[in-house]
Amino acid sequence: MTPTLESLAEEQQAIALRRFDYATAWQLGALMQAEAAAQHLPVAIEVTHGETVVFFSLLPGATPDNPDWTRRKRNVALRFHQSSLHMRLLCEKHGWEFAQRFRLPPDDYAASGGGVPLIVEGTGVVGAASVSGLPDVEDHALVAKALRQIRITQGA
């Protein structure tokens, strides 16, 4: 089920982290990788600190295109401080063609769910987590679920 822009805004606040470092990036990536492996999901998973890739995994069945999709979704999350799913839904709501509306090269930006900004409370965006290989709403959900788990371990 596709979320609404309003529910994505609420979710973004609920999955904001208390802290983020390379160990947290690795923990987040490992959670997503374990979930994907347990379900035999053919995905690429990427977690960055800024634009620096800290965690990357390509699971069986994923294609050589999936890492490029994670990069393009990451770029959207970092540029707009919103999930790539949020940007897709926003463009659909207004009838915009994403690349044209924001004058961005489609080779570098994809408004397709699965890229989520990593936000630290009181700091702002510090990186992004992205998944590619499933329908975009499911890519997004895999990231959001892992972020909820990390938030719980941080005492939220």
For a quick protection proxy, order the peptides 115-121, 136-142 by their average other-Cβ count within 10 Å, most packed first.
-> 115-121, 136-142
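Can you compute the FRET efficiency between Asp65 and Tyr22 using 1/(1 + (r/R0)^6), with r the Cβ-Cβ distance and R0 = 22 Å? Round to the nearest 0.05.
Calculated transfer efficiency: 0.20.
With a 1.4 Å probe and all protein chains left in place, how much accessible area per residue does the chain have, in Å²? Intermediate results must be reported in sequence, preceding the final value.
Details: 7660 Å² over 156 residues.
Spelled out: the 1.4 Å probe surface of the chain, per residue, equals 49 Å².
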Percentage relative contact order, region 46-88, counting C-alpha pairs under 8 Å, at least six apart = 24 percent
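Figure the gain on full extension for Glu138 and Ala30 (residue separation times 0.36 nm, minus the Cα-Cα span) and round it to one decimal in nm. Write out the running numbers ahead of the final one.
Values: separation 108, 0.36 × 108 = 38.88 nm, distance 1.75 nm.
Computed gain between Glu138 and Ala30 is 37.1 nm.
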From the residues Ser83, Pro64, Gly122, which one has its Cα farthest along the dipole of the chain in the positive direction, the dipole being from +1 and -1 charges on Cβ of Lys/Arg and Asp/Glu about the Cα centre?
-> Gly122
Taking only DSSP H segments of four or more residues, each worth -39500 (n - 2.57), what value at 222 nm results for the chain once the sum is divided by all its residues, to the nearest 500 deg cm²/dmol?
-> -15500 deg cm²/dmol
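Once you sort the root eigenvalues of the Cα gyration tensor of region 30-156 as a ≥ b ≥ c, which label holds: rounded (a/c under 1.5), prolate (a/b larger than b/c) or oblate (the other case)?
Values: a/c = 1.70, a/b = 1.21, b/c = 1.40.
It comes out oblate by the Cα gyration axes.
If you place +1 on the Cβ of every Lys and Arg, -1 on the Cβ of every Asp and Glu, and leave all else neutral, what size is the dipole of the chain about its Cα centre, to the nearest 20 Debye? Don't jump to the answer; show the numbers that get you there.
Details: 14 positive and 17 negative charges, 59 e Å.
The dipole of the chain has a size of about 280 debye.
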Would you work out what percent of the accessible area of region 4-156, with all protein chains in place, is carbon or sulfur (probe 1.4 Å)?
-> 52 percent
Evaluate the relative contact order of the chain (contact order divided by residue number), counting alpha-carbon pairs under 8 angstrom at least 6 apart; express in whole percent.
-> 29 percent
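The values are calculated or read from the model by the stated rules, or taken from the named source; none is laboratory data. Computed from a prediction, not measured in an experiment: that's the story for all the values here. With ideal geometry, Cβ positions are generated from the backbone for all residues, glycine too; neighbour counts draw on all protein chains shown. All accessible areas refer to the heavy atoms of the entire protein, side chains included, with ligands and DNA or RNA removed. Shrake-Rupley method; radii C 1.70, N 1.55, O 1.52, S 1.80 Å.
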